[in-house]
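Taking it in order: structure first as C-alpha coordinates, then the write-up.
The values are calculated or read from the model by the stated rules, or taken from the named source; none is laboratory data. Values in this document were obtained by computation on a predicted structure and should not be read as measured data. Note that each Cβ is placed from the backbone with ideal geometry, even for glycine, and that neighbours are counted across all protein chains shown.
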Amino acid sequence: MSGAVTPTYPTDAPASSALFDRARALVPGGVNSPVRAFRQVGGTPRFMVRGEGAYLYDADGRRYVDLVCSWGPLILGHAHPEVVAAVTAAAAQGTSFGAPTPAEVDLAAEIIERTGIDQVRLVNSGTEATMSAIRLARGVTRRSKIIKFSGCYHGHADGLLAAAGSGVATLALPDSPGVPAAATRETIVLPYNDRAAVEAVFAEVGDQIAAIITEAAPGNMGVVPPEPGFNAFLAEIAHRHGALLILDEVMTGFRVARGGWAARSAAAGEPIDADIYTFGKVMGGGLPAAAFGGRAEIMGLLAPAGPVYQAGTLSGNPLACAAGLATLRLCTDEVYARLEETAHVIGGLVSGALHGAGVPHRVQYAGSMFSVFFTDEPVTDYATAKAQDVAAFAAFFHEMLARGVYLPPSSFEAWFVSTAIGDDELDLIAKALPHAAVAARRARSGAIVSKEPAGRESAGRGSAGEGAERKESL
(Lines give C-alpha, C1' and ligand atoms only; values in the text may rest on other atoms or scores of the structure.)
Protein backbone atom coordinates (compact mmCIF):
# COMPACT_ATOMS: atom_id res chain seq x y z
CA MET A 1 0.00 0.00 0.00
CA SER A 2 1.27 3.46 -0.88
CA GLY A 3 1.54 6.35 1.52
CA ALA A 4 -1.52 8.17 0.19
CA VAL A 5 -2.87 10.51 2.86
CA THR A 6 -6.62 10.63 3.36
CA PRO A 7 -7.86 14.18 3.99
CA THR A 8 -10.69 15.01 6.37
CA TYR A 9 -12.52 18.06 5.12
CA PRO A 10 -15.11 19.95 7.20
CA THR A 11 -18.75 19.75 6.19
CA ASP A 12 -19.02 23.43 5.39
CA ALA A 13 -17.42 24.77 2.22
CA PRO A 14 -17.53 28.56 2.53
CA ALA A 15 -16.23 29.49 -0.91
CA SER A 16 -18.55 27.04 -2.68
CA SER A 17 -21.42 28.18 -0.46
CA ALA A 18 -20.86 31.83 -1.39
CA LEU A 19 -20.70 30.92 -5.08
CA PHE A 20 -23.89 28.87 -4.77
CA ASP A 21 -25.68 31.80 -3.12
CA ARG A 22 -24.60 34.09 -5.94
CA ALA A 23 -25.48 31.51 -8.59
CA ARG A 24 -29.00 31.02 -7.23
CA ALA A 25 -29.69 34.70 -7.80
CA LEU A 26 -28.55 34.43 -11.40
CA VAL A 27 -29.22 30.85 -12.55
CA PRO A 28 -32.38 28.80 -11.85
CA GLY A 29 -31.55 26.57 -8.89
CA GLY A 30 -27.96 27.81 -8.97
CA VAL A 31 -26.82 25.21 -11.51
CA ASN A 32 -27.01 24.59 -15.24
CA SER A 33 -27.95 20.91 -14.95
CA PRO A 34 -30.17 19.71 -12.08
CA VAL A 35 -28.15 16.83 -10.62
CA ARG A 36 -25.27 19.21 -9.83
CA ALA A 37 -27.38 20.89 -7.16
CA PHE A 38 -26.95 18.04 -4.59
CA ARG A 39 -30.73 17.91 -4.16
CA GLN A 40 -30.83 14.18 -3.46
CA VAL A 41 -27.84 14.06 -1.12
CA GLY A 42 -28.27 17.50 0.46
CA GLY A 43 -25.61 20.03 1.35
CA THR A 44 -23.66 22.54 -0.70
CA PRO A 45 -22.61 21.58 -4.23
CA ARG A 46 -18.88 21.94 -4.69
CA PHE A 47 -17.85 24.53 -7.24
CA MET A 48 -14.87 23.21 -9.13
CA VAL A 49 -12.10 25.48 -10.38
CA ARG A 50 -9.55 23.09 -11.80
CA GLY A 51 -8.99 19.50 -12.87
CA GLU A 52 -5.69 17.68 -13.29
CA GLY A 53 -5.24 13.99 -13.92
CA ALA A 54 -7.40 11.99 -11.51
CA TYR A 55 -8.28 15.03 -9.37
CA LEU A 56 -10.77 17.87 -9.12
CA TYR A 57 -10.02 21.02 -7.09
CA ASP A 58 -12.84 23.09 -5.61
CA ALA A 59 -13.14 26.77 -4.76
CA ASP A 60 -12.19 26.04 -1.14
CA GLY A 61 -8.84 24.59 -2.23
CA ARG A 62 -9.83 20.96 -1.59
CA ARG A 63 -8.71 18.10 -3.79
CA TYR A 64 -10.87 15.09 -4.72
CA VAL A 65 -10.31 11.85 -6.59
CA ASP A 66 -12.87 12.20 -9.35
CA LEU A 67 -15.26 9.28 -9.96
CA VAL A 68 -17.64 11.37 -12.06
CA CYS A 69 -15.26 12.36 -14.88
CA SER A 70 -17.65 15.03 -16.18
CA TRP A 71 -20.36 12.31 -16.31
CA GLY A 72 -18.27 10.13 -18.59
CA PRO A 73 -16.33 12.13 -21.19
CA LEU A 74 -13.01 12.43 -19.36
CA ILE A 75 -11.88 8.88 -19.94
CA LEU A 76 -8.21 9.97 -19.87
CA GLY A 77 -8.59 12.19 -16.81
CA HIS A 78 -8.51 15.96 -16.56
CA ALA A 79 -6.37 18.17 -18.78
CA HIS A 80 -4.62 15.30 -20.54
CA PRO A 81 -1.55 16.91 -22.20
CA GLU A 82 -2.27 15.57 -25.69
CA VAL A 83 -5.91 16.62 -25.58
CA VAL A 84 -5.01 20.09 -24.28
CA ALA A 85 -2.37 20.44 -27.01
CA ALA A 86 -4.86 19.46 -29.71
CA VAL A 87 -7.46 21.96 -28.49
CA THR A 88 -4.86 24.71 -28.12
CA ALA A 89 -3.62 24.16 -31.67
CA ALA A 90 -7.16 24.16 -33.03
CA ALA A 91 -8.11 27.33 -31.13
CA ALA A 92 -5.10 29.13 -32.56
CA GLN A 93 -6.58 28.58 -36.03
CA GLY A 94 -10.04 29.86 -35.09
CA THR A 95 -12.84 28.70 -32.83
CA SER A 96 -15.69 28.31 -35.33
CA PHE A 97 -16.20 28.80 -39.05
CA GLY A 98 -19.80 27.90 -39.89
CA ALA A 99 -18.37 25.89 -42.77
CA PRO A 100 -17.08 22.33 -43.31
CA THR A 101 -13.66 21.55 -41.83
CA PRO A 102 -11.15 18.69 -42.22
CA ALA A 103 -11.43 17.91 -38.49
CA GLU A 104 -15.11 16.98 -38.68
CA VAL A 105 -14.38 14.61 -41.57
CA ASP A 106 -11.57 13.02 -39.57
CA LEU A 107 -13.78 12.60 -36.49
CA ALA A 108 -16.56 11.06 -38.58
CA ALA A 109 -14.05 8.64 -40.11
CA GLU A 110 -12.78 7.65 -36.65
CA ILE A 111 -16.31 6.93 -35.41
CA ILE A 112 -17.19 4.91 -38.52
CA GLU A 113 -13.97 2.87 -38.30
CA ARG A 114 -14.64 2.01 -34.66
CA THR A 115 -18.31 1.13 -35.02
CA GLY A 116 -18.75 -0.22 -38.55
CA ILE A 117 -21.69 2.09 -39.34
CA ASP A 118 -21.88 3.62 -42.81
CA GLN A 119 -22.41 7.32 -42.16
CA VAL A 120 -22.59 9.71 -39.22
CA ARG A 121 -23.89 13.23 -38.63
CA LEU A 122 -22.17 15.37 -35.98
CA VAL A 123 -24.28 17.44 -33.56
CA ASN A 124 -23.67 19.24 -30.26
CA SER A 125 -25.35 17.20 -27.51
CA GLY A 126 -26.84 13.82 -26.71
CA THR A 127 -30.29 15.38 -26.59
CA GLU A 128 -29.83 16.69 -30.11
CA ALA A 129 -28.56 13.30 -31.31
CA THR A 130 -31.51 11.31 -29.94
CA MET A 131 -34.07 13.92 -31.01
CA SER A 132 -32.68 13.83 -34.54
CA ALA A 133 -32.50 10.04 -34.58
CA ILE A 134 -36.19 9.81 -33.71
CA ARG A 135 -37.13 12.33 -36.39
CA LEU A 136 -35.12 10.30 -38.90
CA ALA A 137 -36.76 7.03 -37.82
CA ARG A 138 -40.20 8.58 -38.27
CA GLY A 139 -39.16 9.89 -41.67
CA VAL A 140 -37.95 6.45 -42.76
CA THR A 141 -40.98 4.50 -41.55
CA ARG A 142 -43.70 7.14 -42.05
CA ARG A 143 -44.97 6.16 -38.59
CA SER A 144 -45.25 8.19 -35.42
CA LYS A 145 -45.15 6.06 -32.25
CA ILE A 146 -41.95 5.52 -30.27
CA ILE A 147 -41.27 2.94 -27.56
CA LYS A 148 -38.93 3.93 -24.76
CA PHE A 149 -38.20 2.33 -21.40
CA SER A 150 -38.83 3.69 -17.93
CA GLY A 151 -35.52 4.73 -16.37
CA CYS A 152 -33.74 5.16 -19.70
CA TYR A 153 -32.81 8.79 -20.31
CA HIS A 154 -32.40 10.09 -23.85
CA GLY A 155 -32.10 13.80 -23.25
CA HIS A 156 -34.74 16.42 -22.55
CA ALA A 157 -36.62 16.62 -25.84
CA ASP A 158 -40.34 16.96 -25.09
CA GLY A 159 -41.38 13.61 -26.53
CA LEU A 160 -38.90 11.74 -24.34
CA LEU A 161 -39.75 13.36 -21.01
CA ALA A 162 -42.46 10.87 -20.21
CA ALA A 163 -43.30 8.47 -17.39
CA ALA A 164 -45.31 5.26 -17.71
CA GLY A 165 -48.97 5.22 -16.77
CA SER A 166 -50.86 2.14 -15.58
CA GLY A 167 -50.99 -0.91 -17.80
CA VAL A 168 -48.48 -2.34 -20.23
CA ALA A 169 -49.33 -0.22 -23.26
CA THR A 170 -50.54 2.97 -21.60
CA LEU A 171 -49.58 6.01 -23.60
CA ALA A 172 -47.22 8.26 -21.69
CA LEU A 173 -48.11 11.38 -19.77
CA PRO A 174 -45.74 14.35 -19.58
CA ASP A 175 -43.20 14.10 -16.78
CA SER A 176 -42.35 17.81 -16.70
CA PRO A 177 -44.45 20.98 -16.61
CA GLY A 178 -44.20 22.76 -19.93
CA VAL A 179 -44.48 19.53 -21.93
CA PRO A 180 -47.96 19.31 -23.45
CA ALA A 181 -49.72 15.96 -23.50
CA ALA A 182 -49.68 16.08 -27.29
CA ALA A 183 -45.86 15.99 -27.23
CA THR A 184 -45.80 12.62 -25.47
CA ARG A 185 -48.96 11.13 -26.91
CA GLU A 186 -46.94 9.13 -29.42
CA THR A 187 -44.49 7.85 -26.78
CA ILE A 188 -45.10 4.45 -25.19
CA VAL A 189 -43.15 3.83 -21.97
CA LEU A 190 -42.50 0.23 -20.91
CA PRO A 191 -40.63 -1.46 -18.03
CA TYR A 192 -36.99 -2.11 -18.90
CA ASN A 193 -35.88 -5.69 -19.56
CA ASP A 194 -39.54 -6.76 -19.99
CA ARG A 195 -39.92 -8.74 -23.22
CA ALA A 196 -43.56 -9.59 -22.59
CA ALA A 197 -44.46 -5.89 -22.36
CA VAL A 198 -42.74 -5.17 -25.67
CA GLU A 199 -44.47 -8.10 -27.35
CA ALA A 200 -47.86 -6.97 -26.05
CA VAL A 201 -47.44 -3.46 -27.44
CA PHE A 202 -46.37 -4.68 -30.87
CA ALA A 203 -49.30 -7.08 -30.92
CA GLU A 204 -51.63 -4.14 -30.31
CA VAL A 205 -50.15 -1.26 -32.34
CA GLY A 206 -47.15 -2.73 -34.16
CA ASP A 207 -48.05 -1.15 -37.48
CA GLN A 208 -47.91 2.32 -35.91
CA ILE A 209 -44.51 2.05 -34.22
CA ALA A 210 -41.63 3.90 -35.90
CA ALA A 211 -38.88 2.84 -33.55
CA ILE A 212 -37.76 1.50 -30.22
CA ILE A 213 -35.17 3.67 -28.48
CA THR A 214 -33.11 2.21 -25.64
CA GLU A 215 -29.89 2.92 -23.83
CA ALA A 216 -27.44 0.26 -24.97
CA ALA A 217 -26.70 -0.42 -21.29
CA PRO A 218 -28.65 1.97 -19.06
CA GLY A 219 -26.69 4.21 -16.72
CA ASN A 220 -29.29 6.83 -15.88
CA MET A 221 -31.11 4.84 -13.19
CA GLY A 222 -27.79 3.59 -11.96
CA VAL A 223 -26.11 0.92 -14.06
CA VAL A 224 -28.71 -1.69 -15.03
CA PRO A 225 -27.32 -3.90 -17.81
CA PRO A 226 -29.68 -5.44 -20.34
CA GLU A 227 -30.55 -9.04 -19.65
CA PRO A 228 -28.80 -11.46 -22.03
CA GLY A 229 -30.21 -11.14 -25.52
CA PHE A 230 -32.57 -8.25 -24.68
CA ASN A 231 -31.10 -5.75 -27.15
CA ALA A 232 -31.02 -8.37 -29.92
CA PHE A 233 -34.65 -9.19 -29.13
CA LEU A 234 -35.58 -5.52 -29.51
CA ALA A 235 -33.94 -5.39 -32.94
CA GLU A 236 -35.67 -8.59 -34.06
CA ILE A 237 -39.18 -7.60 -32.96
CA ALA A 238 -38.81 -4.09 -34.36
CA HIS A 239 -37.73 -5.39 -37.77
CA ARG A 240 -40.46 -8.03 -37.79
CA HIS A 241 -43.00 -5.22 -37.57
CA GLY A 242 -41.28 -2.78 -39.94
CA ALA A 243 -39.89 -0.55 -37.16
CA LEU A 244 -36.33 0.53 -36.37
CA LEU A 245 -34.11 0.12 -33.31
CA ILE A 246 -32.28 3.23 -32.08
CA LEU A 247 -29.41 2.23 -29.80
CA ASP A 248 -28.47 5.13 -27.55
CA GLU A 249 -24.72 4.93 -26.93
CA VAL A 250 -24.28 8.51 -25.76
CA MET A 251 -22.99 7.15 -22.45
CA THR A 252 -21.58 3.73 -23.42
CA GLY A 253 -20.15 4.60 -26.83
CA PHE A 254 -16.33 4.68 -26.64
CA ARG A 255 -16.56 4.42 -22.83
CA VAL A 256 -17.06 0.66 -22.41
CA ALA A 257 -15.18 -0.54 -25.49
CA ARG A 258 -13.39 0.78 -28.56
CA GLY A 259 -16.59 0.48 -30.61
CA GLY A 260 -19.10 0.96 -27.79
CA TRP A 261 -21.57 -1.45 -26.23
CA ALA A 262 -22.70 -2.88 -29.57
CA ALA A 263 -19.14 -3.88 -30.42
CA ARG A 264 -18.65 -5.31 -26.94
CA SER A 265 -21.85 -7.34 -27.24
CA ALA A 266 -20.87 -8.64 -30.68
CA ALA A 267 -17.49 -9.75 -29.33
CA ALA A 268 -19.36 -11.62 -26.57
CA GLY A 269 -21.46 -13.47 -29.15
CA GLU A 270 -24.55 -11.23 -28.89
CA PRO A 271 -24.63 -8.98 -31.97
CA ILE A 272 -27.20 -6.17 -32.00
CA ASP A 273 -28.71 -5.34 -35.39
CA ALA A 274 -29.59 -1.73 -34.59
CA ASP A 275 -30.53 0.73 -37.33
CA ILE A 276 -29.50 4.08 -35.84
CA TYR A 277 -26.90 4.73 -33.15
CA THR A 278 -26.37 7.84 -31.04
CA PHE A 279 -23.05 8.86 -29.51
CA GLY A 280 -21.72 11.60 -27.24
CA LYS A 281 -19.60 12.27 -24.15
CA VAL A 282 -16.23 10.52 -24.82
CA MET A 283 -16.32 11.38 -28.53
CA GLY A 284 -16.06 15.08 -27.57
CA GLY A 285 -13.15 14.67 -25.18
CA GLY A 286 -14.84 16.99 -22.67
CA LEU A 287 -16.14 19.53 -25.19
CA PRO A 288 -19.72 19.61 -26.53
CA ALA A 289 -20.02 17.03 -29.31
CA ALA A 290 -22.38 14.19 -30.17
CA ALA A 291 -23.43 12.24 -33.24
CA PHE A 292 -25.96 9.88 -34.73
CA GLY A 293 -25.36 7.43 -37.53
CA GLY A 294 -26.37 4.22 -39.23
CA ARG A 295 -26.81 2.54 -42.60
CA ALA A 296 -26.30 4.68 -45.71
CA GLU A 297 -29.86 4.18 -46.97
CA ILE A 298 -31.23 5.56 -43.69
CA MET A 299 -28.75 8.41 -43.25
CA GLY A 300 -29.23 9.36 -46.90
CA LEU A 301 -32.67 10.71 -46.03
CA LEU A 302 -31.12 13.56 -44.01
CA ALA A 303 -30.93 17.03 -45.54
CA PRO A 304 -29.31 18.08 -47.78
CA ALA A 305 -29.19 14.59 -49.32
CA GLY A 306 -32.82 13.87 -48.43
CA PRO A 307 -36.02 15.41 -47.05
CA VAL A 308 -35.56 14.91 -43.27
CA TYR A 309 -34.31 18.23 -41.92
CA GLN A 310 -31.56 18.60 -39.31
CA ALA A 311 -29.03 21.39 -38.84
CA GLY A 312 -26.80 23.03 -36.23
CA THR A 313 -24.76 26.22 -36.15
CA LEU A 314 -21.88 24.74 -34.13
CA SER A 315 -22.11 21.12 -35.31
CA GLY A 316 -18.63 19.82 -36.07
CA ASN A 317 -17.03 22.64 -34.09
CA PRO A 318 -13.25 22.44 -34.70
CA LEU A 319 -12.32 22.61 -31.01
CA ALA A 320 -14.68 19.78 -30.06
CA CYS A 321 -13.50 17.72 -33.04
CA ALA A 322 -9.87 18.24 -32.02
CA ALA A 323 -10.55 17.18 -28.43
CA GLY A 324 -12.60 14.19 -29.56
CA LEU A 325 -10.06 12.97 -32.09
CA ALA A 326 -7.17 13.29 -29.66
CA THR A 327 -9.14 11.39 -27.01
CA LEU A 328 -10.36 8.59 -29.26
CA ARG A 329 -6.94 8.02 -30.81
CA LEU A 330 -5.55 7.42 -27.32
CA CYS A 331 -8.35 4.99 -26.38
CA THR A 332 -6.85 1.64 -27.34
CA ASP A 333 -7.97 -1.84 -26.35
CA GLU A 334 -5.32 -1.73 -23.63
CA VAL A 335 -6.87 1.44 -22.23
CA TYR A 336 -10.30 -0.19 -22.04
CA ALA A 337 -8.87 -3.25 -20.29
CA ARG A 338 -7.18 -1.01 -17.74
CA LEU A 339 -10.34 1.02 -17.14
CA GLU A 340 -12.35 -2.12 -16.54
CA GLU A 341 -9.77 -3.46 -14.12
CA THR A 342 -9.80 -0.16 -12.23
CA ALA A 343 -13.59 -0.18 -12.05
CA HIS A 344 -13.69 -3.70 -10.68
CA VAL A 345 -10.99 -2.94 -8.12
CA ILE A 346 -12.98 0.05 -6.84
CA GLY A 347 -16.22 -1.92 -6.94
CA GLY A 348 -14.60 -4.67 -4.93
CA LEU A 349 -13.31 -2.19 -2.38
CA VAL A 350 -16.76 -0.65 -2.03
CA SER A 351 -18.38 -4.05 -1.63
CA GLY A 352 -15.82 -5.18 0.92
CA ALA A 353 -16.30 -2.08 3.05
CA LEU A 354 -20.10 -2.21 2.92
CA HIS A 355 -20.17 -5.94 3.59
CA GLY A 356 -17.87 -5.43 6.55
CA ALA A 357 -20.24 -2.81 7.94
CA GLY A 358 -23.28 -5.00 7.36
CA VAL A 359 -24.86 -2.71 4.75
CA PRO A 360 -27.03 -4.41 2.10
CA HIS A 361 -25.88 -3.44 -1.37
CA ARG A 362 -25.26 -4.49 -4.94
CA VAL A 363 -22.52 -3.37 -7.32
CA GLN A 364 -23.54 -3.57 -10.97
CA TYR A 365 -21.27 -3.12 -13.97
CA ALA A 366 -21.51 -2.34 -17.67
CA GLY A 367 -17.91 -2.56 -18.77
CA SER A 368 -16.04 0.09 -16.78
CA MET A 369 -19.26 1.89 -15.83
CA PHE A 370 -20.64 0.80 -12.47
CA SER A 371 -22.85 1.91 -9.63
CA VAL A 372 -23.70 0.89 -6.09
CA PHE A 373 -27.31 0.21 -5.09
CA PHE A 374 -28.12 0.25 -1.38
CA THR A 375 -30.43 -2.76 -1.53
CA ASP A 376 -30.03 -6.53 -1.33
CA GLU A 377 -32.63 -7.13 -4.05
CA PRO A 378 -31.82 -7.61 -7.75
CA VAL A 379 -31.94 -4.35 -9.72
CA THR A 380 -33.21 -5.04 -13.23
CA ASP A 381 -35.40 -2.03 -14.02
CA TYR A 382 -36.44 1.42 -12.84
CA ALA A 383 -38.89 0.15 -10.24
CA THR A 384 -36.27 -1.95 -8.48
CA ALA A 385 -33.69 0.85 -8.77
CA LYS A 386 -36.10 3.22 -6.99
CA ALA A 387 -36.50 0.79 -4.08
CA GLN A 388 -32.98 1.43 -2.77
CA ASP A 389 -32.14 3.25 0.46
CA VAL A 390 -31.23 6.79 -0.59
CA ALA A 391 -30.57 7.91 2.99
CA ALA A 392 -27.77 5.37 3.20
CA PHE A 393 -26.37 6.58 -0.11
CA ALA A 394 -26.45 10.22 0.99
CA ALA A 395 -24.52 9.46 4.15
CA PHE A 396 -22.05 7.36 2.19
CA PHE A 397 -21.62 10.15 -0.38
CA HIS A 398 -20.89 12.86 2.17
CA GLU A 399 -18.38 10.79 4.09
CA MET A 400 -16.50 10.02 0.86
CA LEU A 401 -16.62 13.72 -0.06
CA ALA A 402 -15.20 14.68 3.33
CA ARG A 403 -12.35 12.25 2.75
CA GLY A 404 -11.43 13.49 -0.72
CA VAL A 405 -13.44 11.29 -3.08
CA TYR A 406 -15.99 12.89 -5.41
CA LEU A 407 -18.87 10.55 -6.26
CA PRO A 408 -21.97 11.24 -8.38
CA PRO A 409 -24.32 13.22 -6.09
CA SER A 410 -27.22 10.90 -6.86
CA SER A 411 -27.86 7.21 -6.29
CA PHE A 412 -29.29 6.99 -9.83
CA GLU A 413 -26.05 7.72 -11.67
CA ALA A 414 -23.16 5.69 -13.01
CA TRP A 415 -19.67 5.99 -11.54
CA PHE A 416 -16.86 6.62 -14.05
CA VAL A 417 -13.14 5.97 -13.89
CA SER A 418 -10.25 7.35 -15.91
CA THR A 419 -6.81 6.14 -16.92
CA ALA A 420 -5.36 8.76 -14.54
CA ILE A 421 -6.42 6.72 -11.50
CA GLY A 422 -3.42 4.84 -10.13
CA ASP A 423 -2.25 3.18 -6.93
CA ASP A 424 -2.24 6.36 -4.84
CA GLU A 425 -5.83 7.16 -5.79
CA LEU A 426 -6.99 3.59 -5.17
CA ASP A 427 -5.40 3.63 -1.74
CA LEU A 428 -7.03 6.94 -0.88
CA ILE A 429 -10.40 5.47 -1.90
CA ALA A 430 -9.69 2.33 0.12
CA LYS A 431 -8.91 4.34 3.24
CA ALA A 432 -12.06 6.46 2.92
CA LEU A 433 -14.48 3.58 2.32
CA PRO A 434 -14.69 2.05 5.84
CA HIS A 435 -15.75 5.43 7.26
CA ALA A 436 -18.35 5.88 4.52
CA ALA A 437 -19.67 2.36 5.08
CA VAL A 438 -20.17 3.05 8.78
CA ALA A 439 -21.98 6.29 7.91
CA ALA A 440 -24.26 4.36 5.56
CA ARG A 441 -25.00 1.78 8.26
CA ARG A 442 -25.96 4.51 10.72
CA ALA A 443 -28.25 6.13 8.15
CA ARG A 444 -30.08 2.99 7.18
CA SER A 445 -33.78 3.55 7.62
CA GLY A 446 -35.43 0.28 6.73
CA ALA A 447 -37.47 0.08 3.57
CA ILE A 448 -37.25 3.43 1.83
CA VAL A 449 -38.88 4.38 -1.44
CA SER A 450 -36.43 6.76 -3.03
CA LYS A 451 -36.90 10.21 -4.44
CA GLU A 452 -37.07 10.38 -8.21
CA PRO A 453 -33.71 11.09 -9.83
CA ALA A 454 -33.10 14.60 -11.16
CA GLY A 455 -32.40 14.18 -14.96
CA ARG A 456 -26.13 11.15 -9.98
CA GLU A 457 -8.09 4.90 7.85
CA SER A 458 -6.20 1.67 7.84
CA ALA A 459 -7.90 -0.22 5.06
CA GLY A 460 -5.84 -1.04 2.01
CA ARG A 461 -6.80 -2.46 -1.36
CA GLY A 462 -7.93 -6.06 -1.44
CA SER A 463 -10.70 -8.40 -2.48
CA ALA A 464 -14.29 -8.00 -1.42
CA GLY A 465 -14.03 -11.22 0.55
CA GLU A 466 -16.55 -13.95 1.30
CA GLY A 467 -20.22 -13.00 1.34
CA ALA A 468 -19.92 -10.01 -0.95
CA GLU A 469 -22.96 -9.30 -3.07
CA ARG A 470 -23.47 -10.72 -6.52
CA LYS A 471 -21.99 -8.44 -9.17
CA GLU A 472 -23.80 -7.99 -12.46
CA SER A 473 -21.63 -7.35 -15.51
CA LEU A 474 -20.99 -7.93 -19.16
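Let's see how each residue does on (1) among the hydrophobic types (A, V, I, L, M, F, W, C); (2) at pLDDT below 95; (3) in contact with a Ser or Thr (Cβ under 9 Å, 6 or more places away or on another chain):
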| site | (1), (2), (3) |
| --- | --- |
| GLY126 | no, no, yes |
| THR130 | no, no, yes |
| ILE146 | yes, no, yes |
| ALA169 | yes, yes, no |
| ASP175 | no, yes, yes |
| VAL189 | yes, yes, yes |
| ARG195 | no, no, no |
| VAL201 | yes, no, no |
| GLY206 | no, no, no |
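For the stretch 351-370, name all the residues that are in a helix (DSSP H, G or I) and either among the polar types (S, T, N, Q) or surrounded by 24 or more Cβ atoms within 10 Å (Cβ to Cβ) (or both). SER351, ALA353, LEU354 - these are the residues of the stretch 351-370 that are in a helix (DSSP H, G or I) and either among the polar types (S, T, N, Q) or surrounded by 24 or more Cβ atoms within 10 Å (Cβ to Cβ) (or both).
Hey, among the residues in the stretch 310-341 that are of a type in the set (Val, Ile, Thr) and assigned to a helix (DSSP H, G or I), which one's farthest from GLN364 (Cα to Cα)? Here the answer is THR327.
Here the stretch 266-283 is the region considered, the condition is being under 21 Å from THR127 (Cα atoms) and assigned to a loop (DSSP other than H, G, I, E, B), and the residue that is farthest from the chain's Cα centre (by Cα) is ASP275.
For ALA157, the stated conditions hold: it is modelled with pLDDT of 80 or more, in the same structural domain as VAL250 (by TED's automatic domain parsing) and over 20 Å from ALA232 (Cβ atoms).
Of all residues in the stretch 266-280, none are in contact with a Ser or Thr (Cβ under 9 Å, 6 or more places away or on another chain), farther than 20 Å from VAL68 by Cβ, surrounded by fewer than 24 Cβ atoms within 10 Å (Cβ to Cβ) and of a type in the set (D, E, K, R). The test for being within 22 Å of the chain's Cα centre (by Cα) and in the same structural domain as PHE412 (by TED's automatic domain parsing) does not hold for GLU110. Within the stretch 371-404, being β-branched (Val, Ile, Thr), over 30 Å from ASP12 (Cβ atoms) and part of a helix (DSSP H, G or I) holds for one residue alone: THR384. When residues in the stretch 303-322 are screened for being over 27 Å from the mean Cα position of the chain (by Cα) and aliphatic (A, V, I, L, M), 3 of them pass.
On the given criteria, is ALA420 at pLDDT 95 or above, of a type in the set (Gly, Ala, Ser), within 20 Å of the chain's Cα centre (by Cα) and surrounded by fewer than 24 Cβ atoms within 10 Å (Cβ to Cβ)? Answer is yes for this residue. When GLY116 is tested against (1) at positive phi; (2) buried (at least 24 other Cβ atoms within 10 Å of the Cβ); (3) more than 20 Å from the chain's Cα centre (by Cα), only condition (2) is not met.
Evaluation of GLY286 against the conditions (1) within 30 Å of ASP423 (Cα to Cα); (2) not in a loop (DSSP other than H, G, I, E, B) shows that the sole unmet condition is (2).
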